[in-house]
Amino acid sequence: YLTSLPQPEDLMAEPERLAFLAMVADGVGGGTKGEEASRIALAAVTQYVSNSMRCYYATGSTDREFYEALQEGALQCHRELIRRGEENPDYRGMATTLTLFFGVWPRAYLLQVGDSRCYLLRDGELTQITRDQTMAQELIDLGVLPHGAPEAGRLAHTLSSSIGGRHTEPKVTRLDMNWGTVVLLCSDGLTKHVPDEKIRERLRSMTSGKQACEALLDDALEAGGSDNISIIVGRALQREN
């Protein structure tokens, strides 16, 4: 396992790999609150999705049923963070983003809450799959603010949806995958400092997921990045017989 969670094997329901799971959770609320919120969310959703995957194979669930299972997993995390905050004032107000990529070849499911992003690189072209759940994006979508307005910049990192916050709206998207597709998950610590054009360049020239992550991290730090910078890069490669 490649994870920041301790003892991830305790969270997995199956001894063998049935799917590919990658997640980024970027805690908000400052210091310990944000760190604890992201840890709880990652642990809870890993266990929930692992159990859902077992049911998915056992019952032949439909896409709609699996969409609902992923959404319910996010909502359970949301309720758990609120409960802990009510029980312990020190953790009141803690919240986190959550962007989850779940690959069951040749399909994939993307769950998003907040502004941590998912990009796909296909045939050399980079596409942002997620939509930032921020106040700025909400106002832009409503036509209240134009792209690039100063007001939009100030609201760009104010979340309109989060796990544990005042409002949560889990969004699930199904993706059809192809061999060679590159998947990038990242926190806004990367995208605040590295433009999409540079991300595209790094992914097009990558030699491995590890090398791409390190190159993008260096780019963010050189551009003045000081926030948490979480990056996951994976590429769908066909095994040689």
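The values are calculated or read from the model by the stated rules, or taken from the named source; none is laboratory data. Computed from a predicted structure; not experimentally measured. Glycine gets a Cβ as well: all are built from the backbone with ideal geometry, and neighbour counts include every protein chain shown. The accessibility values were calculated without ligands, DNA or RNA, using every heavy atom of the protein model including side chains. Shrake-Rupley method; radii C 1.70, N 1.55, O 1.52, S 1.80 Å.
When Asp10 is tested against (1) at pLDDT below 70; (2) among the charged types (D, E, K, R); (3) within 19 Å of Arg79 (Cα to Cα), exactly one condition is not met: (3).
Quick grid of which residues meet (1) over 23 Å from Phe66 (Cα atoms); (2) in a helix (DSSP H, G or I); (3) of a type in the set (S, T, N, Q); (4) open to solvent by 70 Å² or more (accessible area, probe 1.4 Å):
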residue: Tyr109; (1), (2), (3), (4): no, no, no, no
residue: Asp115; (1), (2), (3), (4): no, no, no, no
residue: Leu121; (1), (2), (3), (4): yes, no, no, no
residue: Glu138; (1), (2), (3), (4): yes, yes, no, no
residue: Gly148; (1), (2), (3), (4): yes, no, no, yes
residue: Gly153; (1), (2), (3), (4): yes, yes, no, no
residue: His157; (1), (2), (3), (4): yes, no, no, yes
residue: Thr173; (1), (2), (3), (4): no, no, yes, no
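When each of Leu42, Leu70, Leu18 is tested for being part of a loop (DSSP other than H, G, I, E, B) and either at pLDDT below 85 or within 15 Å of Phe102 (Cβ to Cβ) (or both), the lone residue that passes is Leu18. Taking the criterion of being surrounded by 14 or more Cβ atoms within 10 Å (Cβ to Cβ) and assigned to a loop (DSSP other than H, G, I, E, B), the only residue of the stretch 199-209 that qualifies is Met206. Taken over the stretch 87-107, the residue count meeting the criterion of being open to solvent by 60 Å² or more (accessible area, probe 1.4 Å) and either of a type in the set (Lys, Arg) or under 20 Å from Ala69 (Cα atoms) (or both) is 4. Of all residues in the stretch 210-222, at least one satisfies being closer than 22 Å to Thr127 by Cβ, open to solvent by 50 Å² or more (accessible area, probe 1.4 Å), in a helix (DSSP H, G or I) and of a type in the set (S, T, N, Q).
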